[in-house]
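Following: one structure in structure tokens, then a few remarks.
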Amino acid sequence: MTSESGLIGGFCRLYSLLLYAYPRDFRRQYGRPMQQLFRDRCRDLARNPGRIPVLRFAAQVMTDWVRTAVRETAAAVRSEDRHPARRSSVTEWAVTLLIYLFATTTLVQAYVVPTGSMEGNLLVGDHILVDRVAFSDPGPLGRHILPYRDVERGDIAAFLFPEDIRQTYVKRIIGLPGDHIRLDHGQVIRNGRRLVEPYVQHIASYPDPYRDNFPLAPEAGTTPLGYDMFEHHVRNGEVIVPPGMLFALGDNRDNSADSRYWGFVPRSYVVGKPLLVYWSFDAPTADLEQWTVDHVIDVALHFWTKTRWRRMFLVPLSQRALEVGDAQ
Amino acid sequence: MTKHRSPQQLLPLTPPVFHILLALAREERHGYGIMQDVARQTDGALQLGPGTLYGCLKRMLAAGLVEEVGERSDPTLDDERRRYYRMTPLGKRIVRAEAQRLAGAVTVAMARLAGANA
């Protein structure tokens, strides 16, 4: 099978998974030509895309799939009465594994929140699923079918940490390209308007001019990319978010290493949108960054008591900040 | 189980089977070609999905209405090998019988409806 790049290839892989609903013999015999036919029709569609044809095609394929999978399975069961054959458990497991791999790499990914920078909304030890489809532009064809939208102010986003892309951070997006941003006594002023942010928590026991009246001047906590921001993107005491970049802050505003310290998040580093908390376990940061023997024992012994059951299946939400009047 | 059927027992044909046979009446085609031709025959009303098309072909092969003529690539699409199908003499007899049956039904319908209108 020739390889196809991009979205059509993705749909074909998805369709090849749907084929597992058909009986094995039927799949063996017709699976490949069915995939070919599916791909040919995707190509037809890609030549003149549009919302209506794409939706109609998707509906057609789904009804065709449901109806014929049922029909062929019934036919196979009828003929199996005469010559019984067993589907091996190896196949069953292979299918399960395939679906799992597909789902975990393409659609959602699991992360753990190791630090308290989003405290108030995400706690240390929250295990979250990140929706990888939400913020990834699926191209001209997929835009009509996939639940895609661009990142907006107030969205919580998971992204690769610009200073070390092996780490994934979760923060709230405060500024989009072109936004002018500064902080005044811990309050964000965006494009000259003071934000009232219902999701923010302030726990400061001491004032910190760098943190609360950003941007002043780089200091010890500023990373190289942070310096770059100060050098090139600060004008008249405000940060101006450059094209293709985002400005992200933690909800736990007084205890968060965020864009104030390490600069902008490139739009392309955004991984996805936190979908839900699937498990929340009360554990220290160090344990969550790497699984240790101690941590395994801790989980085994205290699973019931240290799991925060009330956080189970919690959905972290995007929230709009209120913009009030002109600041000064 | 379909081997000893007489042609009349296969009638009436379902719309997909009928149109697939018509698609193969003049030339052998691959699955995508059949699907395109059926859409053309019916002004786009009948779009065969992969499962419907190959489910029908499976049954039609078993009943001896069509046969496979091996794989080759279609230069108008890409260099991938596609499975081609052609109609058997039995398939030709059947589709002809079905067309006659339908023509008869249409004649009766037109006569009755014309009478009803007058």
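The values are calculated or read from the model by the stated rules, or taken from the named source; none is laboratory data. None of these values were measured; they are calculated from a predicted model. Methodologically, a virtual Cβ is constructed for each residue, glycine included, from the backbone with ideal geometry; neighbour enumeration extends over all protein chains shown.
Condition check: more than 14 Å from chain A (Cβ to nearest Cβ), more than 12 Å from the chain's Cα centre (by Cα) and under 22 Å from A:Gln29 (Cβ atoms). Does B:Glu80 satisfy that? The answer is no for B:Glu80. If the condition is being touching a His at 6+ places or on another chain (Cβ under 8 Å) and either more than 16 Å from A:Val234 (Cβ to Cβ) or not in a strand (DSSP E or B) (or both), then the stretch A:169-202 contributes A:Gly186, A:Asn191, A:Gly192.
Applying a threshold of 6 Å to beta carbon distances and a minimum spacing of six or more residues, or different chains, the list of pairs starting in the stretch A:197-223 at a residue that is at negative phi and ending at one that is β-branched (Val, Ile, Thr) reads A:Pro215/A:Val234; A:Pro215/A:Val239. Which members of the stretch A:241-262 meet the condition of being farther than 21 Å from A:His185 by Cβ and either within 21 Å of the chain's Cα centre (by Cα) or not in a loop (DSSP other than H, G, I, E, B) (or both)? Within the stretch A:241-262, A:Gly244, A:Met245, A:Leu246, A:Trp262 meet the criteria. If the condition is being within 27 Å of A:Ala220 (Cα to Cα) and of a type outside the set (A, V, I, L, M, F, W, C), then the stretch A:261-286 contributes A:Tyr261, A:Gly263, A:Pro266, A:Arg267, A:Tyr269, A:Pro284, A:Thr285.
The set of residues from the stretch B:21-77 being of a type in the set (Asp, Glu), more than 11 Å from every other protein chain (Cβ to nearest Cβ) and either closer than 21 Å to A:Gln29 by Cα or in contact with a helix residue (DSSP H, G or I) (Cβ under 7 Å, 6 or more places away or on another chain) (or both) comprises B:Glu28, B:Asp37, B:Glu67.
Helices (runs of 4 or more DSSP H) fully within the stretch A:3-95 that include at least 1 residues being at pLDDT 85 or above and acidic (Asp, Glu): A:24-47, A:51-80. Among the residues here, A:Glu231 qualifies as of a type in the set (Asp, Glu), assigned by TED's automatic domain parsing to the domain that holds A:Gln319 and surrounded by fewer than 15 Cβ atoms within 10 Å (Cβ to Cβ). Do the conditions hold for A:Phe214, that is, is it in a loop (DSSP other than H, G, I, E, B) and surrounded by 21 or more Cβ atoms within 10 Å (Cβ to Cβ)? When the stated conditions are applied, A:Phe214 passes them.
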